[in-house]
Each structure stands twice: as structure tokens, then as C-alpha cells.
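Below is one structure; the comments refer to it alone.
The values are calculated or read from the model by the stated rules, or taken from the named source; none is laboratory data. None of the values given here were measured: they were computed from a predicted structure. Here the Cβ positions follow ideal geometry from the backbone for every residue, glycine too, while neighbour counts run over all protein chains shown. Note: areas computed on protein heavy atoms with side chains; ligands, DNA, RNA excluded. Shrake-Rupley method; radii C 1.70, N 1.55, O 1.52, S 1.80 Å.
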Amino acid sequence: MTDTAHGPALADRAPAPTDPRPVADAPRARRRMPPMLAYTLRRIASSVLIVFGVTLVTFLLSSVVPADPATANLGQRALDDPEIVARYRAEQGLDQSLPRQYLTYLGNLLTGDLGTSQQTQRPVLDDLGEKLPATLELVVAATALALVAGVLFGVLAAKGRGGRLDRIARMLSLTGVSLPTFWIGMVAAVLFVKNLGILPGSGRLAPALDPPGQVTGFYTVDSLLDGDLGAFASAVAHLVLPASVLALSVVGMVLRFTRSAVIEVLSSDFVKAGRAKGLRERGVLWGYAVRSSSGQLITATTLSFGLLLAATVYIEQQFSWNGIGQYAFRSSTNLDLPAVMGVSILIALVFVVVNLLADLLYAAFDPRIRLS
């Protein structure tokens, strides 16, 4: 009687049978993107926006130049003819509105068309491709010299903190940063070229030698690839003086970065623990301190490369180094706006790429960067 009365109620409250099949309709857990890949994509996206902003700023600055491009590039007789002036403005797009000029310029830029140089009558992209390797060879050599000297003296100064070597290193670094690059170049040219005569004063190669085959554009590398040791020796001799002058302008900054980073690491707990375990001072200094300062060294390298790239305008003009700096100087004096804008965008692109690589290296060394 009791079972019959309560049977339906118990049946209503009975649990539903469990389905033995896997839950296929449940939303799958979304896989997270690897932190390094996500960080890389974010940095690439921001770099593209920076390059776009540079194109806009460069175009606006070139459009507000007080001088008239027609006056700078046409002769006096052509300027007296209004039809010639109007035809020139139509060919260069100067008769259009400013937004339309920028859209036209941006569209050409995306296809690799930087315009035609008024001074060489060649595509600006071809001129830049021809001049860029010379500048990169100079800047890379100067950056390498600055890093070797700056890291070496920075580590030694940190090791003897407060001592005589530390004071001398800091004084030399301050002197190198304070002196203008063009003044250092003039003094070096008078001393090593005119008075001592031990280094060549201009050019990338001796006039009697033919340039090596164009593989990388670096005369030092291409001459070795050709097996021409005479050209290699001449290319190195011509590279020493301008690269050393450029390196002196930033070696002080690298020294200060290295010194402060090594001092901070030497006072950390893991270095004290390494010393307590009986590790040699040389191993602690170079194996622990310098390795742990890699992030700061990456920053110093990036800053050095950027500063040296900007300083090549003076050095290339002074030592007749046929690179981007000399090309930019001649373009600006001749009011060659397509060439000036092309140089500006190229330099900005190199800056962005170098900083992107530095950020990725920094993130590879420091997980906190890519996880932030």
C-alpha cells in the first residue's frame, strides 16, 4: 500500500539516466595564443602604424616647405614660361589638393614607387638601393666598435667602482658624448690623414682599384667573396677612420649603460650566492653579470644604431662616403623633394625594423616582457 502510493512520486524524482557518450556540444576551451607569438603580432601591428604615421608627417613637412619646387628644379627661362611651369606642376601632382596628393603618394608608395629624383633623373628607390649598403656598412662597423669598447670599459669600470679606472672611464664617456661628431671628424682627419698619413682620407676604396662585385654592397664582404685581398685591405683602411669617429660619439652611452647594469647585477643575491659557492671573480663578472645585463645591452645597441644612422650625414659628407647621408645632403640642398621624402621614409623604416628586432630579442631574454 505504501509502495503503491509513493511510487509515482519517487519515479518523478528519480535522476535521469546518464548519457555514456562524450559531451560533443559543449563549447571547446579556446586555445590561447603563445605569448611570444601574440607579443610579436602586437609589435608588428604597432610598427606598421608607426610607418604610416611617418609617411603622413613626412608628406606634411614637405608640403609646408617655403621654397617652390618648380623654382628649384626649372631654369630661369623655363620659369618665365607659364605653360612650362603649369606642365611641371601637373606632372609632379602639385596642382592637386593636399589630401589628394597624399593619397596619390601613399598609393604609389605601397607599390614601391617613391618618385623620380630631380637631381639624378632616376627612380628614388634605385638610388636608395644603391646608396644604402655603403651607409649600413659604416653604421654596422661603428656599432660593433662602440659595443666592444663600451662593454669592455663599462665592465671594468663596474668592477672597480669608485676607483681610478672608474673615474677615468666616466670622464671619457662624458667627453665623447659632449664633443660634436663633425669636430671629432675634422680633428681625426688632420691627425691621421694630414699629419701622420697612416689612413686614407676619403672614399670607400683606393682610386686605382675597381669596386668588387655587387653581392651584399659591403666592400669588405664583397672583396672577400671575390678573393681580392688587396681590395679588402683597402676597404678596411678606408672604413677605419669614419667608423671610429662615429663610434666615439656613442661609446660613452654604451659604457654608462653597461656600467650601471653590471653594478646592479653584482649587488644581487644570486651573484652573492655564486661568490659564496667559490666561483671565480672572472666567471661571476662575465658569466653572471654581463649575461644578466643582456636586456640593457640590447637597448644600448638599438639606441647606438639609431644615433649613428642619423650622424652619417656629417661623416659621409666629410669623408666623401657615397651613402645615404651624402645623398640626403645633396637632395636637401637641391630641394629634391621626392628624394628627401624617400630618404626620410627609408631611415624611419630602418629605425622601426631595428627597434622591432630589439623588442623581440628583449622579450626572448625576459619572459616578463612577452607575458605583460
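Summary of values
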| quantity | calculated |
| --- | --- |
| Residues being within 32 Å of the chain's Cα centre (by Cα) and open to solvent by 100 Å² or more (accessible area, probe 1.4 Å) - total across the stretch 80-103 | 2 |
| Residue list for the stretch 275-306, filter: open to solvent by less than 20 Å² (accessible area, probe 1.4 Å) and either free of Cβ contacts under 8 Å to residues at least 40 places away in the same chain or farther than 24 Å from Leu248 by Cα (or both) | Val284, Leu285, Ala289, Ser293 |
| Number of the condition not met by Val352 [criteria: (1) more than 29 Å from Arg32 (Cβ to Cβ); (2) open to solvent by less than 40 Å² (accessible area, probe 1.4 Å); (3) at pLDDT 80 or above] | (1) |
